[in-house]
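Read the structure below first, then the notes.
Just so it is clear, none of the values below were taken in a lab; they were calculated from the coordinates. Bear in mind that the values here come from a model prediction, so they are computed numbers and not experimental data. Note that we place each Cβ from the backbone using ideal geometry, even for glycine, and neighbour counts take in every protein chain shown.
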Amino acid sequence: MLGTIIQQVFNALTIGSIYALIALGYTMVYGVLRMINFAHGEMFMLGAYAAFVILTLLIGDIGNAGVVILALVFFAAVIVVGLIGVGVERLAYKPLRHSNRLAPMLSSLGVSLSLVTAVQIVAGPQPIGFPSFFPSTRFDVLGGTVTSVQIGILIAALVLMVALYTLVNRSRAGIIVRAVSESRPTAQLLGINVNLAISLVFFAGPVLGAAGGILYASYYGIMSPTMGAVIGLKAFTAAILGGIGSIPGAMLGAFILAFVEVAGTALLPALTGGLLGTEYRDVLAFAILILVLLVRPAGILGEPVSEESMVYKREF
Amino acid sequence: MSSIDTSVPVSTGGSKVLAWLVVLAALALLVATPFLPNYYVRVVNGLLIYILLGIGLNIVVGYAGLLDLGFVAFYAVGAYTYALLASPQLDLHLPFLLIVVIAAGLGLMAGILLGIPVLKLRGDYLAIVTLGFGEIIRIIVNNVDWLTGGPKGIARLDKASVAGIELARPVEIYWLLLVCVVVIGTLVWRMERSILGKAWAAIREDQDAARGIGINTTVAKLTAFATSAMIGSIAGVIFAASQRFVSPESFALQESVLIVLMIVVGGIGNILGVIVGAAILILMPEVLREFAEWRVLFLGLLMIVLIILRPGGMIPRTFGPDKLIRRLFSR
């Protein structure tokens, strides 16, 4: 029993840290632009594909690459996706910065559609096997099986999150981003380069999302052009649960969501006498999303903003 | 959705000819359809169903300015109502018109059910909640095997019949759809121009101001959700009756996005725009049949370009059916 619990806890931590990496992108973009970036799930997907392409280009034979090469591939892939993120913002969202709030959202739906289809055209719609980025060994922790892949994902995600947290709180770039997210007009008046801040966010978000994608693909050993849709939605749920706009909130929300999901998957069939099976896991996530938005739209760590002040009015 | 000036300067001389050309082409298509081979009739039927769905969703998205990304759930409600009440699944075989009434009622209820909790939400949060709602409905339909047949769906649905006339062949469904589109389209257009429509527009432009001048935003929003859901549900019944087969595949998130896309491309908050948008998005894939996989990419890019260059859509909001008629008969 203890073994099962430990194993489930590790499952939850693994999937939670991947959710967290993606949720951070949603939350940062929302913090700065007050926009839901529907195309963010696609950055997650692109991460896996970029890593795969770079890996096959560098070394034809996947699988016997050394640790250093794998790390280099990882960084190259996330940076490529980060640049794609910046480019997408420039082309598809920047022209809409002064229009109403729904326009960039609709545009991001278009971006999402285009990216998924583009990958489908290039790589084919079928799922592709993905090489593990971590040597796979199994450990026995108090009766539960934990894989080295899980531990690697946990460590990689934690390092990335700590790095982001330090960057945002300690660096000059972080100050710019925080200032813009506090109030764009004021930041602009103070001479802060708003475009730079937005570009930074659209770089950092996709970088983390892509990292999540690579970790996810090496965890499940598979990637597909549509893998970003549901995961993206769940990460978004996590961001809202933690309080959208709040970076620690996104991490907290991601882990809570992952634990609820894992517990729900394990307990749903038992609690309902087999009436509701594990296939309702996704329903659980969406139900949480809707409940949070209805009961506490600001999320757990979000600032208790009133509904009125959240409405973004155009400045004339 | 609004706040962008969508009126474009139009010269009256050439555009009158253009208006006549477009209207005559549309009429010619409608008259010619019954004589075309079945395949083309089915394409036109698909177009008409999407026009119906677009007219329904446009009430919420275009008139009231509430982005609803879960519209397909109501479509599913209607389709599965027909599938359950007129098939061997539960061994029920109710008459078509009765099911239309039941489905309209269920759609209405579903619309209010979704509407009540999201009354307080705006813009992006609303979009996400409705999206979640749509996905929940789809997952449930996919998994309640004993009732809906799960992913396999329900087959062998009854043929629809109205007053003893069987409606099963594509041409018959075509007439049914055409009547529905014309009747519902006219009703919705009248609603748009009624005091309720003005209330919706006020909510769209500025909700606080609307409440300030005494508009009951709760009632207006719920009416929008309910009416739109009802139309979606009716479209679902006709869809099920024409396919005589339903499965969860038809109600994926992409369908909701496609309908929103139709509205955005054609013209937000304008019935003429919905028709144009549906025509572009439904007929284009047929024309571009050889480039099967490229057409979705093209759609996505088109969406981005249109939102940036023509945020109001192809047809401006101000150019409604009344303007069109006036344009046609202007001197």
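Put a dot 7 Å past the Cα of B:Asp206, heading toward its Cβ, do the same for A:Thr166, and the two dots end up 4.9 nm apart. Of the residues B:Ile282, B:Asn270, B:Gly105, the one whose Cα sits farthest towards the positive end of the charge dipole of the protein assembly as shown is B:Asn270 (charges of +1 on Lys and Arg Cβ, -1 on Asp and Glu Cβ, taken about the Cα centre).
Legend: P(r) of chain A from all alpha carbon pair distances, 20 Å bins from 0, whole percents, reading 32, 57, 10, 0.
Could you tell me which residue out of B:Val17, B:Val41, B:Ile195 lies farthest along the dipole of region B:12-328 toward its positive end? Charges go on the beta carbon: Lys and Arg +1, Asp and Glu -1, centred on the Cα centre. My answer, from the dipole projection, is B:Val17.
Relative to the longest principal axis of the Cα atoms of chain A, the long axis of helix A:194-220 makes an angle of roughly 10 degrees. Sequence-ordered 3J(HN,Hα) estimates for region A:81-94 from the Karplus curve with 6.51, -1.76 and 1.60 and θ = phi - 60° stand at 5, x, 5, 4, x, 4, x, 4, 4, 4, 7, 9, 10, 4 Hz, glycine and proline given as x. Dipole magnitude for the protein assembly as shown: computed about the Cα centre from +1 point charges on Lys and Arg Cβ and -1 point charges on Asp and Glu Cβ, it is near 1500 debye. Computed from backbone phi with θ = phi - 60° and the Karplus coefficients 6.51, -1.76 and 1.60, the 3J(HN,Hα) list for region A:289-299 is 3, 5, 4, 4, 5, 7, 8, 9, x, 7, x Hz; x is used for glycine and proline. The value obtained for region A:14-128, namely the Cα convex hull volume divided by the number of residues, is 120 Å³ per residue. By the Kirkwood approach, averaging reciprocal distances over each pair of separate Cα atoms, region A:128-284 gets a hydrodynamic radius of 18.1 Å.
Given the options B:Phe298, B:Gly149, B:Tyr63, identify the residue whose Cα lies farthest towards the positive end of the charge dipole of chain B (+1 on Cβ of Lys, Arg; -1 on Cβ of Asp, Glu). Ranked along the dipole, the leading option is B:Tyr63. Near A:Ile222, the amide H atoms lying under 5 Å from its own belong to A:Phe130; only residues 5 or more places off or on other chains count, and H is placed 1.01 Å from N. In chain A, Cα pairs under 8 Å separated by at least six residues give a relative contact order of 33 percent. Let a ≥ b ≥ c be the square roots of the eigenvalues of the Cα gyration tensor of region B:210-331; is it rounded (a/c under 1.5), or, if not, prolate (a/b larger than b/c) or oblate? Judged from the Cα gyration tensor, region B:210-331 comes out oblate (a/c at least 1.5, b/c at or above a/b).
Relative to the Cα centre, the charge distribution of region A:2-228, modelled as +1 at Lys and Arg Cβ and -1 at Asp and Glu Cβ, gives a dipole magnitude of about 720 debye. Per residue, the convex hull spanned by the Cα atoms of region B:12-328 amounts to 143 cubic angstrom. Taking the three principal axes of the alpha carbon atoms in the protein assembly as shown, the coordinate ranges are 75, 64, 51 Å, sorted in descending order. Approximating the spin labels as points 7 Å out from Cα along Cα→Cβ, the B:Glu286-to-B:Arg156 distance works out to 3.2 nm.
What the phi angles of region B:234-248 give under the Karplus curve with 6.51, -1.76 and 1.60, with θ = phi - 60°, is a coupling list of 5, 4, x, 4, 5, 4, 4, 5, 7, 7, 6, 6, 10, 8, x Hz, glycine and proline written as x. The number of Lys pairs in chain B with C-alpha atoms less than 24 Å apart, excluding pairs fewer than 8 positions apart on the same chain, is 5.
By the compact-protein rule of thumb, 2.2 N^0.38 Å, the alpha-carbon radius of gyration of region B:277-331 corresponds to a ratio of 1.48.
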